[in-house]
Protein chains: 4
Amino acid sequence: MILDKKLVDNDLLNKKLKIGIVGGTGYTGVELLRLLASHPNAEVVAVTSRGDAGMPVAEMFPSLRGYIDVAFSDPESANLSACDIVFFATPHGVAMNQTPSLLASGTKVIDLAADFRLQDTVAFEQWYNMPHSCPDVLKNAVYGIPELNRAHIKTANVIANPGCYPTTVLLGLAPLLDKKLIDFSAPIIADSKSGVSGAGRKASVGTLFAEASDNMKAYGLAGHRHHPEIDAQLKQLAGNDLQFIFVPHLIPMIRGMLSTIYIKLTDGAKQVDLQALYEQRYAKEYFVDILPQGGLPETRSVRGSNHLRIALQMQTNGYLTVVVVQDNLVKGAAGQAVQNMNVMFGLEEKSGLNVVPLMP
Amino acid sequence: MILDKKLVDNDLLNKKLKIGIVGGTGYTGVELLRLLASHPNAEVVAVTSRGDAGMPVAEMFPSLRGYIDVAFSDPESANLSACDIVFFATPHGVAMNQTPSLLASGTKVIDLAADFRLQDTVAFEQWYNMPHSCPDVLKNAVYGIPELNRAHIKTANVIANPGCYPTTVLLGLAPLLDKKLIDFSAPIIADSKSGVSGAGRKASVGTLFAEASDNMKAYGLAGHRHHPEIDAQLKQLAGNDLQFIFVPHLIPMIRGMLSTIYIKLTDGAKQVDLQALYEQRYAKEYFVDILPQGGLPETRSVRGSNHLRIALQMQTNGYLTVVVVQDNLVKGAAGQAVQNMNVMFGLEEKSGLNVVPLMP
Amino acid sequence: MILDKKLVDNDLLNKKLKIGIVGGTGYTGVELLRLLASHPNAEVVAVTSRGDAGMPVAEMFPSLRGYIDVAFSDPESANLSACDIVFFATPHGVAMNQTPSLLASGTKVIDLAADFRLQDTVAFEQWYNMPHSCPDVLKNAVYGIPELNRAHIKTANVIANPGCYPTTVLLGLAPLLDKKLIDFSAPIIADSKSGVSGAGRKASVGTLFAEASDNMKAYGLAGHRHHPEIDAQLKQLAGNDLQFIFVPHLIPMIRGMLSTIYIKLTDGAKQVDLQALYEQRYAKEYFVDILPQGGLPETRSVRGSNHLRIALQMQTNGYLTVVVVQDNLVKGAAGQAVQNMNVMFGLEEKSGLNVVPLMP
Amino acid sequence: MILDKKLVDNDLLNKKLKIGIVGGTGYTGVELLRLLASHPNAEVVAVTSRGDAGMPVAEMFPSLRGYIDVAFSDPESANLSACDIVFFATPHGVAMNQTPSLLASGTKVIDLAADFRLQDTVAFEQWYNMPHSCPDVLKNAVYGIPELNRAHIKTANVIANPGCYPTTVLLGLAPLLDKKLIDFSAPIIADSKSGVSGAGRKASVGTLFAEASDNMKAYGLAGHRHHPEIDAQLKQLAGNDLQFIFVPHLIPMIRGMLSTIYIKLTDGAKQVDLQALYEQRYAKEYFVDILPQGGLPETRSVRGSNHLRIALQMQTNGYLTVVVVQDNLVKGAAGQAVQNMNVMFGLEEKSGLNVVPLMP
């Protein structure tokens, strides 16, 4: 991570992007609003919610009083095609239905759900229980982690904003995969832990405070939708087949995600200074921070911010543990989406993302 | 509170009471099951749930694996009239519909909802938006706080198990009201704080972990259903009109309730040793504990138990602060219900309630 | 609260203030650093800590990696008198010893501890167990709540940054006190609730996670240091004697403070539209927000921000309840200190404080 | 787990064991007191604490008011050698100094610290930074997990009560190790998560509420003291060399521990019904519960109880995930100690441990 003393906002571009948010009542929606409220080039012109049309956004979310003065609008009446860019913070399946017509109007799209994450439409249908409605658009959609494929994002019209878990695993392993330092005779194991906001803002018994507090559990052992997403991206980064085991856990915290990744190194890797490798790989990446040897990242060290921190620890016998933390709603969702938007429109990449982590 | 070194269970009565629980899927229902599982005279023969009939109770609540081996049954097919006693852990309005026929079969009833709490049926209809369906039964229902009206509970067939907040306020003020030590020219003010389980186990956005954690709020300022209940009971204990202000707050903890009560003392009260008054009033009450002068009760000191602790603090100018803590699901609900059952059937009052508070 | 769509930083003043922070390892210290990191006119040149001199600040607080690149320095070697302003985020008693010499060098001082909060040195000695070392400086110190005495702050050299609890009570009652609408025949009662960070970042059994989590308690019933501070300020605002009862509570949340204040209104107040009164009183105050009638402020609605929100609720019989929320570390401490600095140096008052509350 | 409907306490043995607890002010100490308070054959005669001698135990721990009426005593004046058994709930190094003389008096010892956990005294000195003071006693000490070595515990005079993490891993893997179903060409990986009470009740910044709440982290990556303990026990159960990777994590909950264990199965294991294997292995063990296929244990399902639950999930490619939950203070510490005591003295194994888990 490079040191940034100034934090001055970008003033190169004076124009404001007209922005629409479809599905503004969930956690990724309100998080987009929080970040865009202080983005110098953003003007949120429409936030849709079928059920809450007419209600001022800041009435539902008093934290935004004084920052956001639009009201929710009905999806039908919101003139989304007049936007420069539309974010979908909706359940899976919504974005793919509306994206073709938005593209036709010259509006770019960032989908925070899964509609454009899996290039394999058979896998998509299997995991999301619906056929893909626009495979042609899907082909040109770009999986949006700027640190891994910034060049493609720059020219993309549709971004598949990655899942929260995938972001940690992919950024955590990319330097090793680039250099072919993982021995694929053993599976890659990601033991991931997420705060409860990852389950979304929908009424549900399982995520009630009295159920989820002072409690933890593994879940999705028999199969989690982020498994095929990570698996496909890992294979692409590796240029290789590989096996991947993924166990997510629900942790009693609002935000925060930590993945502990166990991999077997190749014999060749033993000659490599892995700490230096990671530091160099991400030296120019503002949002990716490699902790010094022996450092142990805590989730609160990134709370509310778009930073992601990585620590490495050699284990016995040629195994390496990679620990990665991020805020699941920021770098794991809305922050990365804003970062993708900045890349797509040639804005300074950290515009709107100058938020110092909240600690304690 | 009297010291009880032995904690041996009552073995005077060898017979088992046949017990039915209507509405066993909420927090008061599962709490009744936890307590009754170790009650020497209890046999839970039916736990009803319309939606979950057939599912073993311990499948929904794995904490009960090995302790409860019945399955949920359909309310219609459960033979509740064969029970000695039926607990209603249901939404308001259910108990009053079923109670008359149960009474006709000789089955006693304890309602953990509000159907029998307000003797004033006009007030009931106003606060609960439904007419009372059995005012005659209501007349004979007994408001069940054993420390305040044990004699009536002994002979009752229908118990109105008090609300959680009322239990703290009424036990907190009874010694003063008994002795006419409160100056009613100022209102009694109860600033109460409750853990989130008080809101029940129903899917709801407002009590999601990500909403209720690391957060607190006042609620019900414009009117809470426990206000008329407390108000009526206070007036009855006082034998006097009085004014009562009640503001409940939601606190990010699973269980636990703390009421801070502000009252103006009469001039006469200034001659009274209030600490001694409270200690004497509750000297024989196993579940009510007066902390030594200067003690400050914490909610965790009663976690999981039927104890309620009280501390007194004189303020400037003749005001007294009474701080009361209880576990809202135990002394505030299911524990008090079991205590009432014990009184009704002549069992040892603490049977099934020998649970040492869980700390930390 | 006025709507601020632009959030553009002040660029009138290009000069950077040289800032020193004495005692940078506690929560108010690190919070100052978080806020000043994005303040366009701030340059933190020294952060002292006797025990940690030499350690980079961002090593102790990884949330500041990339934002703060100074190391802790020894108080002796830090050239604080070269600063434009020095913040004391220290235990009580430190600031008053160093302030006279700093003033002599032309350095202004903001003390976040209590050294300059009580003008009555006898009361100070009684509550803080130490004589006041510079009563002359104390006389000219200004109690710093910009919304109440901005004019004096502008010209002050020493600011007593208020306690967290006092800020809620004073801003919550000022409109009523201004207009003489409180009937002082009854005491003002403030039932206040604070997150655990208010207890500071010092090793202590009582504030361990396993002690303070899933638990709450009243404390300080027999006397809390903020009592005389609030009492003195209330009397000054009232121009009147009055009685004040204050009971603070510890709530299991990191940040956040909520005060529920109970007051008896004068007969005259019954003709007044109190909602309108509050809205007008604070109409030009960016950081004070009056919620619409019926609104209930939650602490998370201000998490991480310098906003303070107020709601009013009439009670029976001429009593009014005022509910006030703030982030205890921001408007209750470091944020208000930065706001005071901005006022003192003629900067835009919200510079460095453009942080949208973090929700969820 | 066998179903136990009666929960009647053992009355075979009417005698009371005289019990001493050395170090009664920490979490394992107070947890012993909670459990022993309702143990029909236990009489706690001494609870020592050098710093708090003379203070009633229930003054420090108000949750024990009415249950425990002894005061802390000075270790020197407590007549521990008159006890039948002494529990050490002390820092490492205390038990080994006092055990030889207690044994000489005929007093049995259960050490909840690590003094007798590692038979390899070189490893002990390396990990605990002190030489072992009584290697002869160590040789005869028995590692106390009743489900694994009940026979040896029955005749032991000194029990090494296992670490919390080791209990989960060893009970989680014992059925596979017994049957030689693990392929040791890959390391056994235990990714373990613990509530904060595991860090003990000592003043420390790192485990303050404001540090540990809404936050999680890995720790001890470079080496945790439970690593050599688990490693040695695994090798003994396996009768084989093997590699073991262990990463503990700190989770914001008071109690509770979950270990997610990843192992490579032998080819032979693919023919085995592992679910049935586990169910049979633990069929007679009251405290070990194998969840049905597809079940996912939550830590709250064992809160406050001595139960430990296990779930199995096959992964791709011959890997198995074993998820184990327990209450770290009960089955992971004090509960297991009481269970060991019961075995040593021929009491019913679940005496004093009839606590239904607290949910929610």
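Picking from D:PRO75, D:PRO40, which residue would you name as being outside any helix (DSSP H, G or I) and facing chain B (nearest Cβ under 10 Å)? Steps first, answer last, please.
Values: D:PRO75 fails: facing chain B (nearest Cβ under 10 Å).
None of the other options fit; the residue is D:PRO40.
Considering only segment D:98-109, I want to know if a residue exists there that is surrounded by fewer than 22 Cβ atoms within 10 Å (Cβ to Cβ) and at pLDDT below 95.
no
Would segment B:297-308 turn up any residue that is over 25 Å from D:ARG303 (Cβ atoms) and either open to solvent by less than 10 Å² (accessible area, probe 1.4 Å) or assigned to a loop (DSSP other than H, G, I, E, B) (or both)?
No, every residue in segment B:297-308 fails to be over 25 Å from D:ARG303 (Cβ atoms) and either open to solvent by less than 10 Å² (accessible area, probe 1.4 Å) or assigned to a loop (DSSP other than H, G, I, E, B) (or both).
Answer yes or no as to whether D:ALA283 is closer than 22 Å to B:SER63 by Cα and surrounded by fewer than 17 Cβ atoms within 10 Å (Cβ to Cβ). Step through it out loud before you land on a result.
Working: closer than 22 Å to B:SER63 by Cα: yes; surrounded by fewer than 17 Cβ atoms within 10 Å (Cβ to Cβ): yes.
In short, yes.
So which residues in segment A:163-181 are under 21 Å from A:TYR319 (Cα atoms) and either open to solvent by 10 Å² or more (accessible area, probe 1.4 Å) or without any contact (Cβ under 8 Å) to a residue 24 or more places away in the chain (or both), if there are any at all?
Across segment A:163-181, the qualifying residues are A:ASP178, A:LYS179, A:LYS180, A:LEU181.
Given A:GLN275, A:GLN326, which one is under 30 Å from C:GLU31 (Cβ atoms) and more than 8 Å from every other protein chain (Cβ to nearest Cβ)? So that I can check it myself, show each step before the final result.
Numbers: A:GLN275 fails: under 30 Å from C:GLU31 (Cβ atoms).
Step by step, each of A:GLN275, A:GLN326 is checked, and only A:GLN326 is under 30 Å from C:GLU31 (Cβ atoms) and more than 8 Å from every other protein chain (Cβ to nearest Cβ).
Given the criterion facing another protein chain (nearest Cβ under 9 Å), in contact with a Phe, Trp or Tyr (Cβ under 9 Å, 6 or more places away or on another chain) and either farther than 22 Å from C:GLY163 by Cβ or touching a residue at least 60 places away in the same chain (Cβ under 8 Å) (or both), identify the matching residue among C:LEU320, C:LEU291, C:LEU296, C:LEU308. Reasoning before the result, please.
Details: C:LEU320 fails: facing another protein chain (nearest Cβ under 9 Å); C:LEU291 fails: in contact with a Phe, Trp or Tyr (Cβ under 9 Å, 6 or more places away or on another chain); C:LEU308 fails: facing another protein chain (nearest Cβ under 9 Å).
Result of the check over C:LEU320, C:LEU291, C:LEU296, C:LEU308: C:LEU296.
Starting from segment D:207-222, take each residue that is more than 8 Å from chain A (Cβ to nearest Cβ) and list its partners that are among the aliphatic types (A, V, I, L, M), counting only C-beta distances under 6 angstrom and pairs at least six apart or across chains.
Listed by first residue and then by second, the contacts come to D:THR207/C:LEU208; D:THR207/D:VAL196; D:THR207/D:ALA199; D:PHE209/C:VAL196; D:PHE209/C:ALA212; D:ALA212/D:VAL196.
Are any residues in segment C:235-248 more than 7 Å from every other protein chain (Cβ to nearest Cβ) and outside any helix (DSSP H, G or I), and if so, which ones? I'd like the intermediate steps shown before the answer.
Applying the first criterion (more than 7 Å from every other protein chain (Cβ to nearest Cβ)) to segment C:235-248 yields C:235-242, C:244, C:246, C:248.
C:GLY239, C:ASN240, C:ASP241, C:LEU242, C:PHE244, C:PHE246, C:PRO248, listed by residue number.
Take B:ALA160 and tell me if it is in contact with an Asp or Glu (Cβ under 8 Å, 6 or more places away or on another chain), open to solvent by less than 20 Å² (accessible area, probe 1.4 Å) and away from every other protein chain (no Cβ under 14 Å).
yes
Quick check, is D:ASP52 open to solvent by 60 Å² or more (accessible area, probe 1.4 Å) and acidic (Asp, Glu)? Give the steps one after another, and end with the answer.
Values: open to solvent by 60 Å² or more (accessible area, probe 1.4 Å): no; acidic (Asp, Glu): yes.
Spelling it out, it is not the case that D:ASP52 is open to solvent by 60 Å² or more (accessible area, probe 1.4 Å) and acidic (Asp, Glu).
Checking the condition within 23 Å of B:LEU208 (Cα to Cα), open to solvent by less than 10 Å² (accessible area, probe 1.4 Å), part of a loop (DSSP other than H, G, I, E, B) and not charged (D, E, K, R), which residue from A:GLY24, A:GLY29 passes?
Just a single option satisfies the conditions, and that option is A:GLY24.
Only one of (1) open to solvent by 10 Å² or more (accessible area, probe 1.4 Å); (2) among the acidic types (Asp, Glu); (3) in contact with a Phe, Trp or Tyr (Cβ under 8 Å, 6 or more places away or on another chain) is not met by D:ASP267, so which one is it?
So the condition that D:ASP267 fails would be (3).
Taking segment D:121-157 as the search range and keeping residues that are buried (at least 18 other Cβ atoms within 10 Å of the Cβ) and free of Cβ contacts under 8 Å to residues at least 40 places away in the same chain, which one is nearest to the chain's Cα centre (by Cα)?
Looking at residues that are buried (at least 18 other Cβ atoms within 10 Å of the Cβ) and free of Cβ contacts under 8 Å to residues at least 40 places away in the same chain, I get D:VAL142.
Go through C:VAL47, C:VAL57 for me and flag whichever is in contact with a helix residue (DSSP H, G or I) (Cβ under 7 Å, 6 or more places away or on another chain), within 14 Å of chain A (Cβ to nearest Cβ) and open to solvent by less than 10 Å² (accessible area, probe 1.4 Å).
Residue meeting the stated conditions: C:VAL57.
Just to be sure, is D:ALA232 modelled with pLDDT of 95 or more, part of a helix (DSSP H, G or I) and over 23 Å from the mean Cα position of the chain (by Cα)? Full working, then the answer.
Numbers: modelled with pLDDT of 95 or more: yes; part of a helix (DSSP H, G or I): yes; over 23 Å from the mean Cα position of the chain (by Cα): no.
It is false that D:ALA232 is modelled with pLDDT of 95 or more, part of a helix (DSSP H, G or I) and over 23 Å from the mean Cα position of the chain (by Cα).
A:ASP115 versus (1) within 14 Å of chain C (Cβ to nearest Cβ); (2) within 21 Å of the chain's Cα centre (by Cα); (3) surrounded by 23 or more Cβ atoms within 10 Å (Cβ to Cβ): which is the lone unmet condition?
(1)
Identify, please: which residue in segment B:1-37 is within 7 Å of chain D (Cβ to nearest Cβ) and modelled with pLDDT of 95 or more and is, among those, nearest to B:GLY93 (Cα to Cα)?
My answer is B:TYR27.
So which residues in segment B:323-360 are of a type in the set (A, V, I, L, M, F, W, C), buried (at least 24 other Cβ atoms within 10 Å of the Cβ) and closer than 18 Å to B:LEU171 by Cβ?
Matches in segment B:323-360: B:VAL323, B:VAL324, B:VAL325, B:LEU329, B:VAL330, B:ALA333, B:ALA334, B:ALA337, B:VAL338.
Regarding D:TYR262, is this residue at the interface with chain A (Cβ under 8 Å from one of its Cβ atoms) and aromatic (Phe, Trp, Tyr)?
So D:TYR262 passes the test.
Which condition does C:MET257 not pass, out of (1) at pLDDT below 95; (2) aliphatic (A, V, I, L, M); (3) buried (at least 17 other Cβ atoms within 10 Å of the Cβ), if it passes all the others?
Of everything listed in (1) at pLDDT below 95; (2) aliphatic (A, V, I, L, M); (3) buried (at least 17 other Cβ atoms within 10 Å of the Cβ), C:MET257 misses just condition (1).
Take D:GLY206 and decide whether it is at pLDDT 95 or above and open to solvent by 10 Å² or more (accessible area, probe 1.4 Å).
Details: at pLDDT 95 or above: yes; open to solvent by 10 Å² or more (accessible area, probe 1.4 Å): yes.
It is true that D:GLY206 is at pLDDT 95 or above and open to solvent by 10 Å² or more (accessible area, probe 1.4 Å).
Scan segment C:32-44 for residues that are open to solvent by less than 10 Å² (accessible area, probe 1.4 Å) and under 14 Å from C:ALA333 (Cα atoms) and jot them down.
Answer for segment C:32-44, where residues must be open to solvent by less than 10 Å² (accessible area, probe 1.4 Å) and under 14 Å from C:ALA333 (Cα atoms): C:LEU32, C:LEU33, C:LEU35, C:LEU36.
Just give me the residues in segment B:328-360 being without any contact (Cβ under 8 Å) to a residue 60 or more places away in the chain and over 16 Å from the mean Cα position of the chain (by Cα), in sequence order.
Filtering segment B:328-360 for residues without any contact (Cβ under 8 Å) to a residue 60 or more places away in the chain gives B:342, B:356-359.
Passing the criteria: B:VAL356, B:PRO357, B:LEU358, B:MET359.
Mind counting the residues in segment A:90-111 that are in contact (Cβ under 8 Å) with a residue 60 or more places away in the chain and over 24 Å from A:LYS15 (Cβ atoms)?
5
Output the residue which, of all residues in segment C:211-242 that are basic (Lys, Arg) and more than 13 Å from C:ILE188 (Cα to Cα), is most open to solvent (accessible area, probe 1.4 Å). It would help to see each step written out before you state the result.
Residues of segment C:211-242 that are basic (Lys, Arg), as a first pass: C:217, C:225, C:235.
If we keep only those that are more than 13 Å from C:ILE188 (Cα to Cα) as well, we get C:217, C:225.
Values: C:LYS217: 52, C:ARG225: 87 Å².
Once the filter is applied, the top-ranked residue is C:ARG225.
Can you name every residue in segment A:270-300 that is closer than 20 Å to A:ILE251 by Cα and touching a strand residue (DSSP E or B) at 6+ places or on another chain (Cβ under 6 Å)? Outline the logic, then answer.
To start, the set of residues in segment A:270-300 that are closer than 20 Å to A:ILE251 by Cα comprises A:296-300.
Matches in segment A:270-300: A:LEU296, A:PRO297, A:GLU298, A:THR299.
The values are calculated or read from the model by the stated rules, or taken from the named source; none is laboratory data. This is a predicted model, so every value here is computed, not measured. Methodologically, a virtual Cβ is constructed for each residue, glycine included, from the backbone with ideal geometry; neighbour enumeration extends over all protein chains shown. Ligands, DNA and RNA are excluded from the accessible area calculation, which covers all protein heavy atoms including side chains. Shrake-Rupley method; radii C 1.70, N 1.55, O 1.52, S 1.80 Å.
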